[in-house]
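**Q** I am attaching a structure below and will ask some questions about it afterwards.
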Amino acid sequence: MAVSMLARNEKMVLPAVEIPGQMLEAQHIIIETKNLSVFYGEKAAIQNVSLAFPEHQVTALIGPSGCGKSTFLRSLNRMNDEIAGCRMSGGIFYKGADITLSCADVFEIRKHIGMVFQRPNPFAKSVFENVAFGPKHHGVKKKAWLEEIVEESLKKAALWDEVKDRLHTSALALSGGQQQRLCIARALAMNPDVLLLDEPASALDPVSTGKIEELILELKKDYTVAIVTHNLQQAARISDKTAFFYMGALIEAGDTAKMFTKPENQQTRDYLSGFFG
């Protein structure tokens, strides 16, 4: 299969690093932060956040606007590197390797830890070329392989049946919900382990939002998913774990059902009750 062939041929090699005081179990935890802080200039956007992401589960990051949850999400595949004056301290461990080290290949990191943003951002290219873009960039040239990757990725994103007869038309002609699923397919084409979703349904109508939520529940069978959302009902519906951020700090994290019924922290209770947000 082309996708699995791509994964076998292009493994990411990073130096293994043991996390002090805690051994990662590769079969359970795929990515973890340890005392992670992110600064914009001298301002700390997040401070000393330690959070583990269980494999094949959906982890929702919640909290009021400006609490640091999107900054935290972007740090997981080094997207914050693109922001002038942004710096990090602490560690981000992907399969036991610290990906904050200078020797880590950022392009390889982003291949294995994909990201989809709040607003759909398809390229001004055909549907096919959008999905094939990443594999082409990483050396897949054979037409048959590309066709297989594109079809499989679109099927995984629940979009194939809607676009299979217009693969070579502009992606910009798709509806907003279709464009967002196309962006998910584009990330899946790189065969990642982790998928980061930054409010993927906030700009969509209720029907499109429902399709995205159904898709996320399906995707966790093959991927580890982290999602930022302001929609508490959405977090309760689709996530296995929830992490509550407030003023740059991780206040509480744990099982979603437990957090939404019996949160341990008063700030968490106040936020979930609507006292602030």
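**Q** Please list, or write none, the aspartates and glutamates whose alpha carbon is within less than 13 Å of the alpha carbon of K143, excluding same-chain residues fewer than 8 places away.
**A** Partners within reach: E129, E151.
**Q** Still on this model: With each pseudo-label sitting 7 Å past Cα toward Cβ, what's the D105-D81 distance in nm, one decimal?
**A** 1.2 nm
**Q** Quick one: net charge around I92, please, counting Lys, Arg +1 and Asp, Glu -1 for every other residue with C-beta under 9 Å from its C-beta.
**A** Numbers: positive: K34, R78; negative: E32, D98.
Net local charge, I92 excluded: 0.
**Q** A further question on this structure: Rounded to whole Hz and in sequence order, give me ³J(HN,Hα) for the range 245-257 from the Karplus expression 6.51 cos²θ - 1.76 cosθ + 1.60, θ = phi - 60°, writing x for Gly and Pro.
**A** 9, 8, 6, x, 10, 7, 7, 7, 8, x, 4, 4, 4
**Q** How big is D, in µm² s⁻¹, for the range 138-277 by Stokes-Einstein at 25 °C and 0.890 mPa s if Rh is the Kirkwood radius over C-alpha pairs?
**A** Values: Rh = 16.9 Å.
Approximately 146 µm²/s, per Stokes-Einstein.
**Q** Right, something else. Quick check on the range 85-176: what are the equivalent-ellipsoid semi-axes from the Cα gyration tensor, as sqrt(5λ), descending, whole Å? It would help to have the intermediate numbers written out before the result.
**A** Values: eigenvalues 187, 53, 28 Å².
Semi-axes from the Cα gyration tensor: 31, 16, 12 Å.
**Q** Mind checking the dipole of the chain: about its Cα centre, +1 per Lys or Arg Cβ, -1 per Asp or Glu Cβ, Debye to the nearest 20?
**A** Details: 31 positive and 32 negative charges, 84 e Å.
Dipole about the Cα centre, nearest 20: 400 debye.
**Q** To continue, here is another question. For the range 107-124, what does the Karplus curve 6.51 cos²θ - 1.76 cosθ + 1.60, with θ = phi - 60°, yield as ³J(HN,Hα) per residue in whole Hz, taken in order and with x for Gly and Pro?
**A** So the J values, rounded to whole Hz, are 5, 5, 4, 6, 6, 8, 10, x, 9, 10, 8, 4, 9, x, 10, x, 6, 7.
**Q** Too long at a 26 Å Cα-Cα cut-off: which of K69/K211; K34/K155; K141/K164; K155/K220; K125/K221; K69/K95? The partial results should precede the final answer.
**A** Values: K69/K211 24 Å; K34/K155 35 Å; K141/K164 21 Å; K155/K220 15 Å; K125/K221 30 Å; K69/K95 22 Å.
Violating the 26 Å Cα-Cα cut-off are K34/K155; K125/K221.
**Q** Now a separate question. How much of the DSSP bridge set in the chain is antiparallel, in percent, rounded to the nearest 5? If you can, show how the numbers build up before the last one.
**A** On the way: 27 of 44 bridges.
Expressed as a percentage, antiparallel bridges in the chain total about 60.
**Q** Also, I was wondering about something else. For I251, which sequence-distant residues (separation of 5 or more, or a different chain) have an amide H within less than 5 Å of its own amide H, given hydrogens modelled in the peptide plane?
**A** Hits under the 5 Å cutoff: F244, F245, Y246.
**Q** What's the angle, to the nearest 10 degrees (0 to 90), between helix 206-219's Cα axis and the longest principal axis of the chain?
**A** Orientation of helix 206-219: about 90 degrees from the principal axis.
**Q** Specify the angular offset, from 0 to 90 degrees and rounded to the nearest 10, of the alpha carbon long axis of helix 176-188 from the longest principal axis of the alpha carbons in the chain.
**A** 90 degrees
**Q** Something else about it: Nearest 10 degrees, 0 to 90: what angle lies between the long axis of helix 127-137 and the longest principal axis of the chain (Cα atoms)?
**A** Tilt of helix 127-137: around 80 degrees.
**Q** What is the Cα centroid distance between the range 38-56 and the range 165-181, reported in whole angstrom?
**A** 34 Å
**Q** Given H placed on each backbone N at 1.01 Å, which residues far from T100 in sequence or on other chains put an amide H within less than 5 Å of it?
**A** I92
**Q** Turning to a different aspect of this structure: How high is the relative contact order of the chain, in percent, counting Cα pairs under 8 Å that sit 6 or more residues apart? It would help to have the intermediate numbers written out before the result.
**A** Values: 517 pairs, mean separation 72.8, N = 277.
Here the relative contact order equals 26 percent.
Only the coordinates and a few stated rules stand behind these numbers; no lab work does. Please read these numbers as outputs of a predicted model, since none were measured by experiment. Note that we place each Cβ from the backbone using ideal geometry, even for glycine, and neighbour counts take in every protein chain shown.
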